[in-house]
Amino acid sequence: MIHHDFSPYRWRKSSYSPDESADCVEIRLAGDDRIAIRDSRVRHSGTLAVPPRTWAAFVRAIEHDLIKPT
């Protein structure tokens, strides 16, 4: 498994998530210009890092109801 050091970057929670809710995805810019993604409920379980183009395609798919969040 590859471990990335994302320490200089701040995690951001979706603006659609209530402040008191822990059920969301958090993202931040990774040191290699990729987008790091983690589950806010189990932060210690690791992260997924994807290129910005992949993240943008994912967000567009959700915005156009091609993917339904659960």
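The values are calculated or read from the model by the stated rules, or taken from the named source; none is laboratory data. The structure displayed is predicted, hence computed values, not measured ones. Cβ placement follows ideal geometry from the backbone for every residue including glycine, while neighbour counts extend to all protein chains displayed.
Please pick out the residue among Asp33, Asp19 that is over 11 Å from the mean Cα position of the chain (by Cα), exposed (fewer than 10 other Cβ atoms within 10 Å of the Cβ), at pLDDT 80 or above and assigned to a loop (DSSP other than H, G, I, E, B).
Asp33
Return only the number of the condition from (1) in a helix (DSSP H, G or I); (2) at pLDDT below 80 that Ala56 does not satisfy.
Against the list (1) in a helix (DSSP H, G or I); (2) at pLDDT below 80, Ala56 comes up short only on (2).
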